[in-house]
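Have a look at the structure below before the remarks.
The values are calculated or read from the model by the stated rules, or taken from the named source; none is laboratory data. Here the structure is a predicted model, which is why all the values come from computation and not from measurement. So basically every Cβ, Gly included, is an ideal-geometry build from the backbone, and we count neighbours across all protein chains shown.
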Amino acid sequence: MQNSDWELGGCPDSCREGKLISSSRSPVTNHKLRMLMSTFKSYIDLLKTTLDQLDPDQVEKAIQAFLRVHDQQGTIYIFGNGGSGASASHATGDFLKGASFGLDKRFKVICLNDNIPALMAIANDISWDAIFVEQLKNFLQPNDLVIGISGSGNSKNVVSAMEYAQLKGVQTIAFCGFRGGKIKEIADIDIHSKAMDMEIAEDVHMIVFNIIKKEMIARLHTSNSMGGQYDERVK
């Protein structure tokens, strides 16, 4: 940690008392530090356990689904609510740029929770449950891939879109947590974070998206470059 954030007290006594001093915050005592480290360890342990419980066959199936839609030049639709929506937007950006940079044939990816006016219009005039499925009705084609993200697996607007994709015979992947919920039952492939914890589910989902992206780069790219400016920054 940098001195501007936290500094050990300037005298031997404060060091021996185990206090971390901040000019703008109250001292952090050993007790508070132990509580923090306990929370940290518990969280990391649960994350590790949950990652170990992931079904590697399902992850490989998801990788194959991305390769298939890329080869057939279909479109990938990703969506979710709240933190899951943030994951959908993040993953979309990663595949539009990171997994696509340098390729002649690029990934076509749309995040269905990024168009705020469309979401508001559908929610206001039809139903919040229809915000994703109504967009799919405009675009969906047989070679596409639909990815719904829901921590509980039961968000109605995600369920509705997944059901529509299945009805149209389009391949689906569920990114879910807890007990899997309805989208795990609906989907062709499921990335299931089995911990009963929303934050762990969000972390696991992004880790798997990152694994898929790195696999796309490894299998499709002939260069490791992510762009001249990026390459220069990370030297």
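Per this entry, residue 38 is counted among residues that are modelled with pLDDT under 95, more than 24 Å from residue 92 (Cβ to Cβ), small (Gly, Ala, Ser) and part of a helix (DSSP H, G or I).
Apart from one condition, residue 212 fits all of (1) assigned to a loop (DSSP other than H, G, I, E, B); (2) assigned by TED's automatic domain parsing to the domain that holds residue 158; (3) not small (Gly, Ala, Ser); the exception is (1). Number of residues in region 58-80 that are within 13 Å of residue 173 (Cβ to Cβ) and acidic (Asp, Glu): the value is 1. Can you find a residue in region 143-159 that is touching a residue at least 40 places away in the same chain (Cβ under 8 Å), closer than 26 Å to residue 215 by Cα and surrounded by fewer than 20 Cβ atoms within 10 Å (Cβ to Cβ)? Yes, there is a match, as at least one residue in region 143-159 is touching a residue at least 40 places away in the same chain (Cβ under 8 Å), closer than 26 Å to residue 215 by Cα and surrounded by fewer than 20 Cβ atoms within 10 Å (Cβ to Cβ).
For residue 155, the test of being farther than 15 Å from residue 188 by Cβ, in the same structural domain as residue 204 (by TED's automatic domain parsing) and within 17 Å of the chain's Cα centre (by Cα) is passed. Condition first: surrounded by fewer than 18 Cβ atoms within 10 Å (Cβ to Cβ) and among the β-branched types (Val, Ile, Thr). Now tell me which residues in region 207-216 satisfy that. 207, 211, listed by residue number.
One residue alone among 108, 41 is under 19 Å from residue 209 (Cα atoms) and over 15 Å from the mean Cα position of the chain (by Cα), and that residue is 108. Checking each residue in region 41-66 for being under 18 Å from residue 187 (Cα atoms) and assigned to a helix (DSSP H, G or I) picks out 56, 57, 58, 59, 60, 61, 62, 63, 64, 65, 66. Hey, can you tell me all the residues within region 173-222 that are under 16 Å from residue 156 (Cβ atoms) and without any contact (Cβ under 8 Å) to a residue 12 or more places away in the chain? Answer for region 173-222, where residues must be under 16 Å from residue 156 (Cβ atoms) and without any contact (Cβ under 8 Å) to a residue 12 or more places away in the chain: just 185.
When each of 194, 184, 168, 214 is tested for being within 18 Å of residue 64 (Cβ to Cβ) and at pLDDT 95 or above, the lone residue that passes is 214. Checking each residue in region 120-136 for being buried (at least 21 other Cβ atoms within 10 Å of the Cβ) and of a type in the set (A, V, I, L, M) picks out 131, 133, 136. Test residue 96 against the stated conditions and say whether it is in the same structural domain as residue 81 (by TED's automatic domain parsing) and touching a residue at least 12 places away in the same chain (Cβ under 8 Å). For residue 96, the condition - in the same structural domain as residue 81 (by TED's automatic domain parsing) and touching a residue at least 12 places away in the same chain (Cβ under 8 Å) - is met.
Of the residues in region 85-95, at least one is farther than 16 Å from residue 174 by Cβ, in contact with a helix residue (DSSP H, G or I) (Cβ under 8 Å, 6 or more places away or on another chain) and crowded, with 18+ Cβ neighbours inside 10 Å. The set of residues in region 158-182 that are in a strand (DSSP E or B) and in contact with a Ser or Thr (Cβ under 7 Å, 6 or more places away or on another chain) contains only 176.
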